[in-house]
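Student: The structure's right below; bear with me while I get my questions together.
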Amino acid sequence: MSADTPDVVAELDDLKVHFPTPAGTVRAVDGVSLAVRRGETLGLVGESGSGKSTAGLALLRLVDPTAGRVRVAGADVTLWSRRRLRATRRHVAMVFQDPQASLDPRRTVGDSIAEPLIVHRLAASTAARRARVAELLDLVGLRADTAGRYPHELSGGQRQRVGVARALAGEPDLIVLDEPIASLDLSVQAQIMNLLRHLQRDLGLTYLFIAHDLAAVEHMSDRIAVMYLGRIVETGPPERIYRHPAHPYTAALLSAVPVADPRVERERRRIVLTGDIPSPVDPPSGCRFRTRCPQARPACAETDPALAEVGPGHDAACLFPLDGERDGGVGEGATTRADAAGTA
Amino acid sequence: MSHTTVLSVDDLTVTVGTRRGPVRAVAGVSWQVRPGETFALVGESGSGKSMTLLAATGLAPRAATVTGRVRLLDTELTALPDDRRRKVRGRHVGFVFQDPMTSLNPVLPVGRQVTEAAEEHLGLTRRAARDRAVELLELVGIPSAARRVDAYPHQFSGGMRQRVAIAMALACEPDLLIADEPTTALDVTTQAQIIELVADLQARLGTAVVWVTHDLGVVAGIADTVAVMYGGRIVEQGPVDAVFDAPTHPYTRALLAARPDPSRRGEDLVAIPGSPPSPLDLPPGCAFWPRCPVRADPRCEHELPPLTTVGDGHTVRTFYRGEAG
Ligand SMILES: Nc1ncnc2c1ncn2[C@@H]1O[C@H](COP(=O)(O)OP(=O)(O)OP(=O)(O)O)[C@@H](O)[C@H]1O
Ligand SMILES: Nc1ncnc2c1ncn2[C@@H]1O[C@H](COP(=O)(O)OP(=O)(O)O)[C@@H](O)[C@H]1O
Ligand SMILES: [Mg+2]
Ligand SMILES: [Mg+2]
């Protein structure tokens, strides 16, 4: 860990991850700087394809950076080989959306959880390993005899608990949670959110929480970053982001979230964005959001705005940031209806 | 339209034969949709929402045994032979599913698909069908519809494909649009577009809508009437305001209470323990009993609670009588 940034667990510095495809180069992540601070939950939101998962994978070096740096626990791991990464203790672990797909169906739950213990030589003996697996199962609220069962014998919520136990096994500093509740039943989502928060409190964990569900992100996060088309367009504390969004994209995203209150729903006005997110192969010039932005002006096509401070700990990448106020939390904003200028 | 109900489902039960014996996927559900109304069916996965709609419209899988009565406009659907039922359904009901590719053929231009059913049911010529396809694609907000009528599904984004699927469902000017989780796979921004689109079409065309979802926010935004399903039964049903203002079934109450509340950040969520029941081993009494935080009555465990009216059109299946407020 470097001396000047003592509280940063992992960091992306002007990171680019580009994928060559037959249709052209996909700029999945295209200049993202993001520092995850020890003990916090950083929520990462944005539409499908905005680059959230790719940014998360970059922190584990599960994708190769095209440009920029990845630093973990103070070490620059940007150019580390697969072998070197594997041989080093995993400072970053990941929990995936679909616990079914991320667990090997032919291995028992116990074997899946034990794998990081073996790879990183974290248990001295078979007995120690077994004890640690039991301890991890207990931490995530599963009975010790779950170790002998197979993933298909478990419910979705139980499988996600196993995914969390497996991530905890390597004693990581940071856990990237990529849509950890999206595949779960409504009644089970709250259980997993509570579990994650308790583990964080008890074990001092740091999370990057990637999710579509903006209400869940508001509940879980100390800080929020909003992504659009490979860039971070706004970051700040939840109170600022949800009540005083400065970027028109954040405002539109929030206004689209339905709230479970028929009266609020009847009153509210949505900012309906026309058109789809443009192709990451060929992003618009200037501000990437301008093709769907209700506030776009000619200057937006010329200048690519950088993140700039709009309030304490609150940055937005917009030439004409909003200063209005939304009342309430997710979806409660009475923003005016406006149709976007045009489609890409 | 002179009908008082577009679709009326009475005591519908669906039993599916599986290798592990018969499974009762849907048990004695009754509900109606009136002209122009939106009826929302909400519940967790496996609660029987899709099976209810498939069985009601005669689309249940072969292995299923369906009992009960279903009336579509003036026709007793359940009394019709398969081919007649298919005709009536094709003429009056449009379907939209979670994955638009369920209804779209990947190797056919979208324009041809949108009006395929209309050609058959309304006897349109190829030429008229093409004009109608452009009109429908414009109606659902596809930009430059006249040009894109010859494009293939893969040339559209997920949200645009769902619009095409809606255009297709509307081609025969159905009296009823059945939408099974049409926005579940979409971003909230695209979901908002689809919700606005359907509401707008409904206002203009007077179509009745049945919308299946597991999102209580979506229900609040679209529904006139809502039915909450759990373990194959409707446990609570009523006007949307009544159900959200005075939820009475412990399951409805628990679901609403489990949502994050921005004014209580930092507190634990009120989670529901356990997970939804498997239809292979449903308890004899209330299906929610094993997870219920209330367990109001000793009968809950063994006896199926009767359907009780608690307000105007507001019914619940629980022994719980609730506290005030
Ligand atoms: N291995 C790959 N090869 C080519 N393109 C890729 C690859 N991985 C991701 N992409 C593309 O990069 C962009 C960002 O993808 P990413 O999965 O990071 O988005 P996301 O924000 O996580 O989306 P979602 O919310 O749907 O999970 C998308 O356009 C995606 O199609
Ligand atoms: N084709 C089928 N064959 C057998 N069982 C089915 C079939 N489709 C659904 N089921 C069962 O019926 C029950 C209700 O399913 P479904 O109506 O799809 O639930 P929902 O739409 O609420 O998620 C589930 O237990 C499911 O496994
Ligand atoms: Mg992703
Ligand atoms: Mg379904």
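The values are calculated or read from the model by the stated rules, or taken from the named source; none is laboratory data. Predicted model, so just to flag it, every value in this text is computed and none were measured. Here the Cβ positions follow ideal geometry from the backbone for every residue, glycine too, while neighbour counts run over all protein chains shown.
Student: For the range A:58-82, name all the residues that are among the polar types (S, T, N, Q) and out of contact with any strand residue (DSSP E or B) (no Cβ under 8 Å at 6 or more places or on another chain).
Tutor: If the condition is that a residue be among the polar types (S, T, N, Q) and out of contact with any strand residue (DSSP E or B) (no Cβ under 8 Å at 6 or more places or on another chain), then A:81 is the only one that fits.
Student: Name the single residue that is nearest to the other protein chains (Cβ to nearest Cβ) among those in the range A:15-53 being polar (S, T, N, Q) and within 16 Å of ligand 3 (Cβ to nearest atom).
Tutor: Selected residue: A:48.
Student: If you don't mind, another one. Residue B:153: in contact with a Gly (Cβ under 6 Å, 6 or more places away or on another chain), away from chain A (no Cβ under 14 Å), touching a residue at least 24 places away in the same chain (Cβ under 8 Å) and of a type outside the set (Ser, Thr, Tyr), yes or no? Lay out the reasoning, then the answer.
Tutor: Numbers: in contact with a Gly (Cβ under 6 Å, 6 or more places away or on another chain): no; away from chain A (no Cβ under 14 Å): yes; touching a residue at least 24 places away in the same chain (Cβ under 8 Å): yes; of a type outside the set (Ser, Thr, Tyr): yes.
Against the criterion (in contact with a Gly (Cβ under 6 Å, 6 or more places away or on another chain), away from chain A (no Cβ under 14 Å), touching a residue at least 24 places away in the same chain (Cβ under 8 Å) and of a type outside the set (Ser, Thr, Tyr)), residue B:153 does not qualify.
Student: Among the numbered criteria (1) surrounded by fewer than 17 Cβ atoms within 10 Å (Cβ to Cβ); (2) away from ligand 2 (no atom under 16 Å from the Cβ), which one does residue A:152 miss?
Tutor: Looking at each condition in turn, residue A:152 falls short on (2).
Student: Return the total of residues in the range B:228-260 being of a type in the set (Asp, Glu) and crowded, with 17+ Cβ neighbours inside 10 Å. Full working, then the answer.
Tutor: Quick first cut of the range B:228-260, residues of a type in the set (Asp, Glu) only: B:236, B:241, B:245.
Filter once more, keeping what is crowded, with 17+ Cβ neighbours inside 10 Å: B:236, B:241.
Qualifying residue count for the region: 2.
Student: Out of the residues in the range B:246-304 meeting the condition of being of a type in the set (Asp, Glu) and part of a helix (DSSP H, G or I), tell me which one is farthest from the other protein chains (Cβ to nearest Cβ).
Tutor: Restricting to residues being of a type in the set (Asp, Glu) and part of a helix (DSSP H, G or I), the top hit is B:301.
Student: Anything in the range B:81-95 that is buried (at least 17 other Cβ atoms within 10 Å of the Cβ) and out of contact with any strand residue (DSSP E or B) (no Cβ under 8 Å at 6 or more places or on another chain)? List them, or say none. Let's see the steps before the verdict.
Tutor: At the first step, the residues of the range B:81-95 found to be buried (at least 17 other Cβ atoms within 10 Å of the Cβ) are B:85, B:88-89, B:91-95.
Across the range B:81-95, the qualifying residues are B:85, B:91.
Student: Given the structure, is residue A:204 more than 9 Å from every other protein chain (Cβ to nearest Cβ), within 13 Å of ligand 1 (Cβ to nearest atom) and on the phi > 0 side of the Ramachandran plot?
Tutor: On the way: more than 9 Å from every other protein chain (Cβ to nearest Cβ): yes; within 13 Å of ligand 1 (Cβ to nearest atom): no; on the phi > 0 side of the Ramachandran plot: yes.
For residue A:204, the condition - more than 9 Å from every other protein chain (Cβ to nearest Cβ), within 13 Å of ligand 1 (Cβ to nearest atom) and on the phi > 0 side of the Ramachandran plot - is not met.
Student: Let me ask something else about it. Select the strands (runs of 3 or more DSSP E) contained entirely in the range B:157-238, then report the ones holding at least 3 residues which are in contact with a strand residue (DSSP E or B) (Cβ under 6 Å, 6 or more places away or on another chain) and polar (S, T, N, Q). Walk me through it before giving the result.
Tutor: On the way: elements: B:176-180, B:208-213, B:225-230.
Ranges flagged: none.
Student: With the requirement that a residue be surrounded by fewer than 19 Cβ atoms within 10 Å (Cβ to Cβ) and in a helix (DSSP H, G or I), what does the range B:118-128 give you?
Tutor: B:119, B:120, B:121, B:122, B:126, B:127, B:128 - these are the residues of the range B:118-128 that are surrounded by fewer than 19 Cβ atoms within 10 Å (Cβ to Cβ) and in a helix (DSSP H, G or I).
Student: Would a scan of the range A:188-208 turn up a residue that is out of contact with any strand residue (DSSP E or B) (no Cβ under 9 Å at 6 or more places or on another chain), within 22 Å of residue A:250 (Cα to Cα) and within 16 Å of ligand 2 (Cβ to nearest atom)?
Tutor: no
Student: Turning to a different aspect of this structure: What's the number of the condition residue B:181 fails, among (1) within 20 Å of the chain's Cα centre (by Cα); (2) without any contact (Cβ under 8 Å) to a residue 24 or more places away in the chain?
Tutor: Checking residue B:181 against (1) within 20 Å of the chain's Cα centre (by Cα); (2) without any contact (Cβ under 8 Å) to a residue 24 or more places away in the chain, the one that fails is (2).
Student: Among the listed residues A:92, A:140, which satisfies the condition of being modelled with pLDDT of 90 or more and closer than 24 Å to residue A:54 by Cβ? Steps first, answer last, please.
Tutor: Working: A:140 fails: closer than 24 Å to residue A:54 by Cβ.
Being modelled with pLDDT of 90 or more and closer than 24 Å to residue A:54 by Cβ holds for just one of A:92, A:140, which is A:92.
Student: If I ask for residues that are polar (S, T, N, Q) and within 19 Å of the chain's Cα centre (by Cα), which ones from the range A:178-190 would you list?
Tutor: Once the filter is applied, which keeps residues that are polar (S, T, N, Q) and within 19 Å of the chain's Cα centre (by Cα), the range A:178-190 yields A:183, A:189.
Student: Answer yes or no as to whether residue B:15 is over 13 Å from the mean Cα position of the chain (by Cα) and either surrounded by fewer than 16 Cβ atoms within 10 Å (Cβ to Cβ) or more than 16 Å from ligand 3 (Cβ to nearest atom) (or both). Give the derivation first.
Tutor: On the way: over 13 Å from the mean Cα position of the chain (by Cα): yes; either surrounded by fewer than 16 Cβ atoms within 10 Å (Cβ to Cβ) or more than 16 Å from ligand 3 (Cβ to nearest atom) (or both): yes.
Taking the combined requirement at face value, the residue satisfies it.
Student: Within 14 Å of chain A (Cβ to nearest Cβ) and either in contact with a Pro (Cβ under 8 Å, 6 or more places away or on another chain) or in contact (Cβ under 8 Å) with a residue 12 or more places away in the chain (or both), is that true of residue B:110? Reasoning before the result, please.
Tutor: On the way: within 14 Å of chain A (Cβ to nearest Cβ): no; either in contact with a Pro (Cβ under 8 Å, 6 or more places away or on another chain) or in contact (Cβ under 8 Å) with a residue 12 or more places away in the chain (or both): yes.
Taking the combined requirement at face value, the residue does not satisfy it.
Student: Let me ask something else about it. Which fully enclosed strands (runs of 3 or more DSSP E) of the range B:1-96 have 2 or more residues being over 21 Å from residue B:214 (Cβ atoms)?
Tutor: Values: elements: B:7-18, B:21-33, B:38-42, B:64-72.
In the range B:1-96, the matching strands (runs of 3 or more DSSP E) lie at B:7-18, B:21-33, B:64-72.
Student: When you go through B:241, B:215 one by one, which is the residue that is of a type in the set (Asp, Glu) and over 15 Å from the mean Cα position of the chain (by Cα)?
Tutor: On the way: B:215 fails: over 15 Å from the mean Cα position of the chain (by Cα).
Exactly one residue qualifies, and that residue is B:241.
Student: Right, another one. From the list A:181, A:210, A:192, pick out the single residue that is buried (at least 24 other Cβ atoms within 10 Å of the Cβ) and away from ligand 3 (no atom under 16 Å from the Cβ).
Tutor: Values: A:181 fails: away from ligand 3 (no atom under 16 Å from the Cβ); A:210 fails: away from ligand 3 (no atom under 16 Å from the Cβ).
The match here is A:192.
Student: Could you tell me which residue of the range B:142-170 is farthest from the chain's Cα centre (by Cα), considering only residues that are crowded, with 19+ Cβ neighbours inside 10 Å and over 16 Å from residue B:105 (Cα atoms)?
Tutor: Checking each candidate, the answer is B:145.
Student: Let me ask something else about it. Report every pair of residues separated by at least 6 positions or lying on different chains whose Cβ atoms are under 7 Å apart, first residue within the range A:251-278 and more than 7 Å from chain B (Cβ to nearest Cβ) and crowded, with 21+ Cβ neighbours inside 10 Å, second part of a helix (DSSP H, G or I) and not hydrophobic (A, V, I, L, M, F, W, C).
Tutor: Matching pairs, first to second residue: A:254/A:242; A:271/A:255.
Student: Here's a follow-up. Quick test of your reading of the structure: residue B:98 fulfils all but one of (1) surrounded by 16 or more Cβ atoms within 10 Å (Cβ to Cβ); (2) more than 14 Å from every other protein chain (Cβ to nearest Cβ). Name the failing condition by number.
Tutor: Every condition holds for residue B:98 apart from (2).
Student: Please work out if residue A:115 is modelled with pLDDT under 95, more than 16 Å from ligand 4 (Cβ to nearest atom), outside the structural domain of residue A:288 (by TED's automatic domain parsing) and part of a loop (DSSP other than H, G, I, E, B).
Tutor: no
Student: Name the single residue, out of those in the range B:173-207 being surrounded by fewer than 21 Cβ atoms within 10 Å (Cβ to Cβ) and over 24 Å from residue B:49 (Cβ atoms), that is nearest to the other protein chains (Cβ to nearest Cβ).
Tutor: Among them, the one singled out is B:200.
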